[in-house]
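A short write-up of the structure that comes next.
The values are calculated or read from the model by the stated rules, or taken from the named source; none is laboratory data. Note that this is a predicted model, so its numbers are computed, not measured. Neighbour counts run over all protein chains shown; Cβ positions are idealised from the backbone, glycine included. In case anyone asks, the SASA skips ligands and DNA or RNA and just uses the protein heavy atoms, side chains included. Shrake-Rupley method; radii C 1.70, N 1.55, O 1.52, S 1.80 Å.
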Amino acid sequence: KQWYQRRVAITAGITVQLQTRFNGVFQTSSTTDQLSITTPFGGTEVEKVEQQFDQIKQDTNTRADRIEGEVTAEAGKLASLRSDLDAYYREAAAAIGQVEDITASNFTAQEGILNGVVKESCVEYGVKYYSSLLATVQNVDSLQQCRSKCAEHGSCKGASWSLTRRTCELHSKRRGSYLQNVNGMISVNNVCYESMVSSSAKWEDCIKENTDFNGADISNSQSYGFDTIYDCTAWCLNTATCKSVTFSPSAKHCWLKNRDQGNSVNAHSAVSSLSLACLQA
C-alpha cells in the first residue's frame with residue numbers, strides 16, 4: 001500500500017504520547033506537542049470533507065451559471081415578445097384609427113344626405129302659397145336663392161318660387177293662407193326647413209324630458225294618436241302659429257303652443273317638450 005503522512009499541529013497546552021504493545025511488551029514514545037498521522041486514504045478526514053465541499057461548491061456554481069444563462073435567454077425571448085406585441089399594438093391602433101376616420105367620414109356623409117332628405121320634406125313641388133304675400137323678388141334663379149331671400153326677410157316664414165318667371169314670393173305664413181296646385185311652382189315652408197335637422201345630438205339636446213310647456217295652447221290644436229314627439233313636431237311645423245310642443249308618450253297626446261316655451265316651464269314626469277327655436281339655433 002501507498003502510505004501518506006501529514007503533520008498536524010496540536011492545540012496549545014496539549015501533548016500526546018504513543019503507547020503500543022508488541023509481543024506482550026509495552027513500548028512508550030516520548031511526549032510531544034506535534035502529531036504525525038499516516039493513513040492509506042490519501043489525506044486527513046478534514047481534507048476529504050473539504051474536497052467534498054469544494055466539489056459541491058463547484059457543482060453548485062456550475063448549475064447556478066447554467067440556470068442564470070437559461071434565465072438570461074428566457075429574458076431575451078420575453079423582451080423580443082414584448083417588442084413584437086408593442087409593434088402589433090401600434091399596427092392595431094393605427095388600423096383602428098383608420099377605421100374610425102373612415103367611419104366618421106362615412107357617418108358625416110350619410111348625415112349630410114339624410115339632412116338633405118329631411119329638409120326636402122319641407123319642400124312642396126307644383127304648389128303655390130296664397131294670401132299671405134309680403135313681397136315678390138324678381139330674377140331669382142333657384143329655390144335655394146328664394147329660400148335665402150325669405151330667411152333674410154324678418155317676417156317671412158314661407159316662399160313660392162316660379163321656375164318659368166324666376167320670381168320669388170315671400171309669405172308671412174309658413175304655407176300661406178291656402179294652397180293651390182300650379183305647374184312650375186315650388187314652395188318651401190322655411191320654418192320647417194330651418195328646423196328639420198337630422199343630427200340626433202341636436203334633437204336630443206332640444207327635447208326636454210319630464211318637462212311641460214304649460215299654457216299658450218293653440219285652439220283646436222290638441223290631438224291624440226301621435227306615436228312620437230317627432231310626429232308631434234311635424235304637425236307643429238305645418239301649423240302657422242306653432243312655436244313649440246308638449247307630448248305625452250303614454251297617452252300619445254300632442255299639444256301645439258304659440259309661444260317658444262308656453263307660458264311657463266314646469267317639471268312633469270309624464271310629458272316631454274320641444275321648442276322650434278332650439279332646433280333652429
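A simple charge model with +1 on the Cβ of Lys and Arg, -1 on the Cβ of Asp and Glu and nothing else charged puts the dipole of the stretch 139-281 at about 500 debye relative to its Cα centre. Based on Cα atoms of the stretch 199-281, Rg over Rh with Rh as the Kirkwood radius reads 0.92.
In the neighborhood of Ile67, defined by Cβ-to-Cβ distances under 13 Å, what is the net charge if each Lys or Arg adds +1 and each Asp or Glu adds -1? Value of the local net charge: -3.
The listed residues Arg174, Arg147, Arg82, once ranked by accessible area (1.4 Å probe) with the largest placed first, stand as Arg82, Arg147, Arg174.
Can you compute the charge dipole magnitude of the stretch 130-184 about its Cα centre, using +1 on each Lys and Arg Cβ and -1 on each Asp and Glu Cβ, nothing else charged? Give it in debye, rounded to the nearest 20. Walk me through the intermediate numbers first.
Numbers: 8 positive and 3 negative charges, 32 e Å.
For the stretch 130-184, the charge dipole is close to 160 debye.
For Ala216, the amide hydrogen comes within under 5 Å of the amide hydrogens of Asn263, counting only partners 5 or more places away or on other chains and with H modelled in the peptide plane. Kirkwood's formula applied to the C-alpha pairs of the stretch 134-281 gives a hydrodynamic radius of 16.2 angstrom.
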